[in-house]
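Here's the structure we're looking at; comments come further down.
The values are calculated or read from the model by the stated rules, or taken from the named source; none is laboratory data. From a predicted model like this one, the values you see are computed outputs, not experimental measurements. Cβ placement follows ideal geometry from the backbone for every residue including glycine, while neighbour counts extend to all protein chains displayed.
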Amino acid sequence: MNLDRLYLDYNATSPLSPSVIDWLKSGDFVFANPSSQHTDGKSSRRQINEARDFILRCFGRSLSDTRLFFHSGATEAFHTIAHSFSETARLAGKELLICFSRIDHPAVTSLEGKYFGPHVKFLELVRGRDLRYAHETNLANLRDRKENSPELLILYHHLWVHNETGQVSALEELRPLRAIPDLTVHVDAVQAPGKVADWRNLSEGDVWSFSAHKFGALKGVGFTLSRSSVPFHPLILGGSQQSNQRSGTENVMGVISTHLALRDLQVVNVQKTQEERTALLNFFAAELAGGLGGVIDDGPAASNTIYFYLSGVTSDVALAVFDLAGIEISAGSACASGTARPSPVLLQRGLGAISRNGLRVSWSFTLTGEERVRIEDRFRAVFLRFRRA
Ligand SMILES: Cc1ncc(COP(=O)(O)O)c(C=O)c1O
């Protein structure tokens with residue numbers, strides 16, 4: 001990696017956390033299969049158990065009320081839980097309604113394209129132009145559905161922190177949903193750790209899914225916490241690993257890196273980073289004023305994300321210009337960087353004319369004032385070039 005480059009694409013994936021780097025440098029590679037009965041296998045199992053204990057403690061939960069399983073990341077988690085609910089409904093001879101919003105991550109919206117069976121239907125949750133959930137409308141729709149079909153099971157997806165805009169939809173907003181029977185909330189918690197002040201407080205919801213590479217672990221590992229009362233049918237069957245929740249040889253290195261990265265995250269001062277974000281947001285707004293572009297900022301947002309657009313430049317062209325200037329940012333959804341498709345976020349915002357122009361800057365959990373000024377200097381030079389062009 002060229003150290004002179006400015007990596008500002010943390011929402012797509014974050015660099016390895018300091019403790020993960022130290023561990024890898026130490027060469028203490030834990031290779032044995034944790035299902036094996038020999039000493040090395042037992043050592044792997046012990047390290048996985050330590051990681052599990054730490055995660056449960058971190059989120060204030062215990063095995064008495066919570067299930068935990070590791071997977072390859074949140075995409076797998078959303079498909080696993082949807083499959084699980086589809087099975088629960090099918091076996092009980094009931095219908096399942098899967099709810100999501102159009103501006104959710106494709107890991108969730110893609111569920112609609114999958115055929116689970118005739119018993120599974122979908123409902124699009126309404127959001128306003130400010131991208132906020134229209135909770136009253138959604139609640140009324142769900143009440144109606146439930147009245148017409150009392151046996152209906154509902155799987156409701158809630159996006160805690162939006163991957164493009166960083167907009168925060170607090171978990172407390174979910175409280176009125178408790179009034180709807182047979183409704184389970186699956187929280188997309190992928191972008192929350194280290195970016196919202198209360199990221200460890202799973203105050204509402206029933207299932208919460210995380211991708212560990214978003215906060216400094218190795219790629220291809222994540223975990224899901226779920227209330228024990230939520231029924232579960234695994235998507236991946238095989239050797240019964242992880243109490244049959246997700247079969248397949250466990251990803252020991254990934255799990256250890258998750259433990260270390262999550263430990264590093266404990267000292268992050270979200271409030272402090274939030275102050276730097278405010279300063280950076282003001283900088284972007286001032287630079288883009290006068291026709292060059294604008295920022296999209298709708299209320300509480302993650303401490304590390306700013307979404308903006310350039311009026312006359314599509315995101316694929318802009319990305320290339322920024323990249324040539326050594327600035328690594330992204331367009332569109334976090335994992336589809338570099339594409340200039342119309343952004344569902346900008347369309348929802350009523351900004352069809354610039355729907356291909358959205359750009360996202362996302363930085364580390366601990367941005368300092370000095371680092372912010374460096375970012376501003378680099379962007380100022382590129383904005384000047386765009387203005388002249
Ligand atoms: C909000 C959100 N949900 C889900 C996902 C999917 O996570 P993964 O690609 O790790 O499976 C992402 C990835 O960017 C995301 O940002």
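Hey, among the residues in segment 132-190 that are assigned to a helix (DSSP H, G or I) and of a type in the set (A, V, I, L, M, F, W, C), which one's nearest to the chain's Cα centre (by Cα)?
Looking at the filtered set, the residue picked out is 171.
Residues that are among the aliphatic types (A, V, I, L, M) and without any contact (Cβ under 8 Å) to a residue 40 or more places away in the chain: find the helices (runs of 4 or more DSSP H) completely inside segment 295-389 holding 2 or more of those.
Counting at least 2 such residues, we get 315-324, 369-388.
Give the number of residues within segment 205-234 that are surrounded by 18 or more Cβ atoms within 10 Å (Cβ to Cβ), within 16 Å of the ligand (Cβ to nearest atom) and in a loop (DSSP other than H, G, I, E, B).
5
Sort through 116, 70 and tell me the only one that's modelled with pLDDT of 95 or more, in the same structural domain as residue 199 (by TED's automatic domain parsing) and within 17 Å of the chain's Cα centre (by Cα).
70
From 341, 374, 387, grab the single residue that is surrounded by fewer than 16 Cβ atoms within 10 Å (Cβ to Cβ) and within 16 Å of the ligand (Cβ to nearest atom).
Residue meeting the stated conditions: 341.
Can you report the number of residues in segment 80-123 which are surrounded by fewer than 18 Cβ atoms within 10 Å (Cβ to Cβ), within 12 Å of the ligand (Cβ to nearest atom) and touching a residue at least 40 places away in the same chain (Cβ under 8 Å)?
Residues meeting the conditions: 1.
Is there a residue in segment 189-201 that is in contact with a Leu (Cβ under 7 Å, 6 or more places away or on another chain), touching a residue at least 24 places away in the same chain (Cβ under 8 Å) and among the hydrophobic types (A, V, I, L, M, F, W, C)?
Checked against the condition, which is being in contact with a Leu (Cβ under 7 Å, 6 or more places away or on another chain), touching a residue at least 24 places away in the same chain (Cβ under 8 Å) and among the hydrophobic types (A, V, I, L, M, F, W, C), segment 189-201 yields no hits at all.
Would you please name the residue that is farthest from the chain's Cα centre (by Cα), looking only at residues in segment 119-131 that are basic (Lys, Arg) and more than 17 Å from residue 185 (Cβ to Cβ)?
Of everything passing the filter in segment 119-131, 121 is farthest from the chain's Cα centre (by Cα).
Got a number for residues in segment 58-79 being of a type in the set (Gly, Ala, Ser) and within 12 Å of the ligand (Cβ to nearest atom)?
Here the count works out to 4.
Determine whether residue 33 is on the phi < 0 side of the Ramachandran plot and not assigned by TED's automatic domain parsing to the domain that holds residue 196.
For residue 33, the condition - on the phi < 0 side of the Ramachandran plot and not assigned by TED's automatic domain parsing to the domain that holds residue 196 - is not met.
One line per residue, one yes/no per condition, for (1) in contact (Cβ under 8 Å) with a residue 60 or more places away in the chain; (2) in contact with a Pro (Cβ under 9 Å, 6 or more places away or on another chain); (3) assigned to a loop (DSSP other than H, G, I, E, B); (4) not charged (D, E, K, R):
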{"residue": "15", "(1), (2), (3), (4)": "yes, no, yes, yes"}
{"residue": "31", "(1), (2), (3), (4)": "yes, no, yes, yes"}
{"residue": "35", "(1), (2), (3), (4)": "yes, no, yes, yes"}
{"residue": "40", "(1), (2), (3), (4)": "no, no, no, no"}
{"residue": "51", "(1), (2), (3), (4)": "yes, no, no, yes"}
{"residue": "62", "(1), (2), (3), (4)": "no, no, yes, yes"}
{"residue": "77", "(1), (2), (3), (4)": "yes, no, no, yes"}
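With 194, 220, 216 as the choices, which residue is over 14 Å from residue 171 (Cβ atoms) and either in contact with a Phe, Trp or Tyr (Cβ under 8 Å, 6 or more places away or on another chain) or at pLDDT below 95 (or both)?
194
Taking the residues in segment 186-204 that are more than 14 Å from the ligand (Cβ to nearest atom) and among the small types (Gly, Ala, Ser) as candidates, determine which candidate is surrounded by the most Cβ atoms within 10 Å (Cβ to Cβ).
Residue satisfying both the conditions and the ranking: 197.
State whether one or more residues within segment 175-183 are modelled with pLDDT of 95 or more and within 16 Å of the ligand (Cβ to nearest atom).
Looking through segment 175-183, none of the residues is modelled with pLDDT of 95 or more and within 16 Å of the ligand (Cβ to nearest atom).
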